[in-house]
Structures are given as structure tokens and as C-alpha cells.
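J.: Can you read through this structure? Questions will come right after.
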Amino acid sequence: MQTVVKEKLRCAVVAAVQLPNVSDAEFEASLAELRELAKTLGFKVVHSFVQKRTGFDTTAYLGAGKRQEISVFVSNRLPADDSADADGDFIDAILVDHEISPSQARNLEKEVGCEVMDRTMVILEIFHRNARSRAARAQVEIARLGYMAPRLREAAKLAGPQGRQRSGSGGRGAGESHTELDRRKIRDRIAELQLEIVAMEAERKTQRARRQGRQGLAGVALVGYTNAGKSTLMRALTGSEVLVANKLFATLDTTVRTLYPDSTPRVLVSDTVGFIKNLPHGLVASFKSTLDEALDASLLLHVIDASDPGFERQLEVTDKVLAEIGAEDVPKLRVFNKIDHVGDEAAQAECEAALRAKYPSCVVMSARRPHEVASLRAQIVAFFQQGLIEAELFLPWSAQQLRGKIYANCELLGERADDNGAFLRIRGERDAVQHLSEQFAQAQ
Ligand SMILES: Nc1nc2c(ncn2[C@@H]2O[C@H](COP(=O)(O)OP(=O)(O)OP(=O)(O)O)[C@@H](O)[C@H]2O)c(=O)[nH]1
Ligand SMILES: [Mg+2]
């Protein structure tokens, strides 16, 4: 049973500069995504400020007029009387839809009178809140520290002279400023975390190798844009209880489960972290290990939310990231999910036809319709059975203890017997069949 803690919603405004090379649709989609990200962080977005410019303002990202406008908006919402209990409608933060420099953030913050968070910081904060495993937590912490380091100097400037140069004890070298000390601490902490990650990666590699060795791994990885329905499909395909939530980046760790009901060969399905446009660089690097799972897979299921108006852009982002991590050559099945969420039946049929015309051999489905999940499962199993061979092996009565090996690695299709032993018709991967036939031959 989950307890729901009701937090008072914090209010925010979003702001963005539209550069000349960005189309209206692209700009609006990105801003809509920022609002979703804000919602995921627990903000209520009360207003959006947009501005067309040929470039970002070097001092404070937005132009002076827009800054003034926001500043007035923010101050109008401040409680009139300081002692009055604020009704929660004053603006806590302004979220901007680009990564901005530390000094731009500081200047903007001073001028509009509330906290400024850029897109990178928003995403880092969500990752920070959602990371569960030791590995994910360490990776997110590295990315956050990397983001914070250059911003400390700006924070110190904002804090005044004491922040910049405070003397005193505490093991600090002579003349070393507070910020320098903090930056040194950050560097040390990053190095420490990186070592931890290297150790954890080695451990994961061993686990993966063990898994592969044990089962002659047939791996499927679910990849795709955040909120596309990967975890929902994972649950449906494996009968497991992974986290599903209507928020961005619900999943940050890779989970691996076997396809259910069992198949031959046994198929392992892994759920991975969602992709997003402009994933902060620190995170691309640190989450590469999570996505490594995708590289190990023999088949990628690229899940796309067909009901999202921006799905084509999301699909491109995912393809681009897959190429960046070197996974473009892994066989891929495009799965257009959430078709049940696309208007009425006629609209769904029309959408499906358009998708099939544009992406031949794609799957169009809803993770909420069991028969469609079953047919996806059948397609996955068929993919892995392509490489299987059939053979008839002879097992003498004196060596029946080897029979168990068949069930572990292959499928038994049928058997007949004579006075000397049993003839077993089996299906399995070439290597597994070969290995068994050698073992059985030695037993004769
Ligand atoms: N209508 C409809 N909703 C779906 C379908 N599949 C998933 N959803 C919903 O979409 C939301 C996101 O689903 P998840 O499975 O958490 O998405 P995800 O791709 O794992 O997202 P991240 O972990 O954030 O990357 C949830 O509210 C699901 O219930 C579907 O086929 N139809
Ligand atoms: Mg998920």
C-alpha cells in the first residue's frame, strides 16, 4: 500500500527564446515537454514567456524587455503582506528551455527575483529524485556535481565577499578560497564515484556474462523516448511488476526479466532509461552504461508513443542516441504503442494505415490490449527461432541422466525409442545442439 504525501504545489513560469532556425512546431513541442518536466518535478506552471531572437542574450539569456515583463509578473504575485500566509500562488522558479551559462542564470535570477532553473538542471533534478540503485545514484551524482562546479563561483559572487574569501581553520591551504576548496572537494568526490562505478560495471559485466553463459542469451531491450510505455510493455510481456508511471523518467535502472510464458530459446527482456531531446551531456555519458544493455541485446524494441503529436521527433531523437552509442546495427523492431489513445476507431485505423505505409514491418499496438501483446510476444519468439536448428539425437538407456541437459538448453519436439535407447527430436541454437550431440556421442 502506497502512502500519498500531499505536497503543496510550487508555482513556476517557463520561458524560452525561439531562434530563427527553429520552427514554430518544434519550439512549441519543446516548451510543452519542459512543462511536462516541470510537472514531474512537482511544479504548477502558471505562465509561459516566449521571445523570438537571433541569439540568446549574452548577459541574461532573455532580452531586457522580456526580463522586465517577467520581473513585474513575479512581483505582482508576491504576497502583499509579509506576515500573511502565502496562498502558494507566488512564483517559486522560472524554468528556461535551454542550457544557460552560470552567469546568465545569476543575472536573470537577480533581475526577475526568483530561482532560475535551466533545462539541464530540471532534468538532473528529476534523475536525482528517481535514481534508485547504487549505480544510478552514483551516475546522477557525478552529472550533478559536474553541473554544479562552474556554478559555485557564481553563487559565491551572489553571496558577497565573505563567500569568496573567508579565512579560518578547517584544513584549507593558505589563501585558498571557499569556492576553490568546494571545487576541489567536488573533483575528489567525482573521482571517488567514478572508481565506484568502474567497480560496479565490472560486477555487472560478470553478471551479464554469467547470464549469457547460462542461457545462450537471447536478449531483447526495450528502448525509446521517455513515457512511451516501455515499462508497461515490459510488465505485459514478462508478467512482472516494474514501475509504471505517467511521468518523465520513471525508469532509471535497467531491469531484466524473462519473457512469459517461457519460450525456446528463453528470451530475456530488459527495460531501459527513456530518451529525451537535449539530454544533458553529463547524463549521456553516465547513462551509457545503462544503455549498454541495449548494445548487448540481439533485438531492440523501439517503443514509440503513437498518440503523442510529437512522436516523429521523439523517434528521431531515439535513433540518434542509438547511433551515438553504436547500437544502430542491432536489429530493431519499431513498436508504435498507445494506439488505443489515438482518437476514435476511425482515427486509430487511419493512424495505423499511415504508420504501416511509412514504416513497413512496424508493429502498431496498445500495451493495454492483451491479444496485441501476445502477438508481439509471438513475433519476438519467432525472431529468435529463426536461427534455430532441429536435430535428432540418440541417447542410450545407460546415459539417461543427460536428458536434463536438453530441457535446459533446447526444446524437445518428440521422441521414439528402441531397445538401446531413445531418439530425441530437438530444436535449439546451433551451438547448443552441437554441444549436446557431442556429449551424447561420448556417452555411447
Ligand atoms: N492509453 C495507453 N496508455 C499507455 C499505454 N502504454 C503505456 N501507457 C501509459 O503511459 C504512461 C507511461 O508508461 P511507462 O510504461 O511508465 O513509460 P516508460 O516508457 O517506461 O517511461 P520512462 O520510464 O519514463 O522512460 C503510463 O501512464 C502508462 O499507463 C498504452 O498502450 N495505451
Ligand atoms: Mg519506464
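Read-outs throughout are calculated quantities, based only on the coordinates presented, and are distinct from any laboratory measurement. Just so it is clear, the structure is predicted and the values come from calculations on it, not from any experiment. Virtual Cβ from ideal backbone geometry, glycine too; neighbours counted across all protein chains shown.
J.: Please find, in a Gaussian network model of the chain (springs between Cα atoms separated by less than 10 Å), the residue of Lys230, Lys205, Lys332 whose mean-square fluctuation is greatest.
T.: Fluctuation is largest for Lys205.
J.: I've got another one for you. What is the angle, in °, between the Cα long axis of helix 370-385 and the longest principal axis of the Cα atoms in the chain? Nearest 10 is fine, range 0 to 90.
T.: 60
J.: Just the Cα atoms of segment 10-119, one point each, no solvent: what log10 I(q)/I(0) does Debye give at q = 0.22, 0.24 Å⁻¹?
T.: The calculated log intensity ratios at q = 0.22, 0.24 Å⁻¹ are -1.24, -1.42.
J.: Have a look at Asp418, Asp344, Asp182 and tell me which one the Gaussian network model of the chain (Cα, springs below 10 Å) gives the largest fluctuation.
T.: The residue with the greatest mean-square fluctuation here is Asp418.
J.: Mind giving me the FRET efficiency for Ala25 and Ala391? R0 is 56 Å, r the Cβ-Cβ distance, nearest 0.05 is fine. Show your work: numbers first, answer last.
T.: On the way: r = 56 Å, r/R0 = 1.00.
The calculated FRET efficiency here is 0.50.
J.: Of all DSSP beta bridges located in the chain, what percent are antiparallel, nearest 5?
T.: Values: 20 of 57 bridges.
Antiparallel: roughly 35 percent of the beta bridges in the chain.
J.: Can you order the peptides 10-18, 25-33 by their average number of other Cβ atoms within 10 Å per residue, highest first? Mind showing how you got there, number by number?
T.: Numbers: 10-18: 22.0, 25-33: 16.8.
Descending packing order for the listed peptides: 10-18, 25-33.
J.: Compute the angle between helix 345-358 and the longest alpha-carbon principal axis of the chain, please, reported from 0 to 90 degrees and rounded to the nearest 10.
T.: 80
J.: Compute the whole-percent fraction of alpha carbon pairs in segment 277-386 spaced more than 20 Å apart.
T.: Values: 2819 of 5995 pairs.
Counting pairs separated by more than 20 Å, the tail of P(r) holds 47 percent.
J.: So how tilted is helix 178-215 from the main axis of the chain? Cα-based, degrees 0 to 90, rounded to 10.
T.: Between the helix axis and the principal axis of the chain, the angle is about 10 degrees.
J.: GNM, the chain, Cα, under 10 Å: largest mean-square fluctuation among Arg67, Arg183, Arg77?
T.: Maximum among the listed residues: Arg77.
J.: Any idea how far apart Gln400 and Phe383 come out in nm if each label point goes 7 Å out from Cα toward Cβ?
T.: Computed distance between label sites Gln400 and Phe383 equals 4.0 nm.
J.: Taking Rh as the Kirkwood radius computed over C-alpha pairs, what is the Stokes-Einstein D of the chain at 20 °C in a medium of viscosity 1.002 mPa s, expressed in µm² per second? Spell out each step's value before the answer.
T.: Details: Rh = 25.6 Å.
Rounded, D is 84 µm²/s.
J.: When the helices in the chain are scored as -39500 (n - 2.57) per DSSP H run of 4 or longer and the sum is shared across all residues, what 222 nm value do you end up with, to the nearest 500 deg cm²/dmol?
T.: Working: 15 runs with 210 residues, N = 444.
My calculation for the chain gives -15500 deg cm²/dmol from helical runs alone.
J.: Using the structure shown, select from Lys230/Lys332; Lys277/Lys320; Lys332/Lys358; Lys52/Lys110; Lys110/Lys277 the pairs with a Cα to Cα distance greater than 18 angstrom.
T.: Values: Lys230/Lys332 15 Å; Lys277/Lys320 10 Å; Lys332/Lys358 16 Å; Lys52/Lys110 22 Å; Lys110/Lys277 29 Å.
Table pairs above 18 Å Cα-Cα are Lys52/Lys110; Lys110/Lys277.
J.: First select every other residue whose beta carbon is under 13 angstrom from the beta carbon of Pro396; then total the charges, Lys and Arg +1, Asp and Glu -1. Mind dumping the intermediate values first?
T.: Values: positive: Arg403; negative: Asp418, Asp419.
Charge balance in the 13 Å sphere: -1.
J.: On to the next question. From a point 7 Å beyond the Cα of Glu411 in the direction of its Cβ, which residues of segment 354-377 have a backbone N at a distance under 14 Å?
T.: 377
J.: How long are the semi-axes of the equivalent ellipsoid of segment 388-443, taking √(5λ) for every eigenvalue λ of the Cα gyration tensor, in whole Å from largest down?
T.: 17, 12, 9
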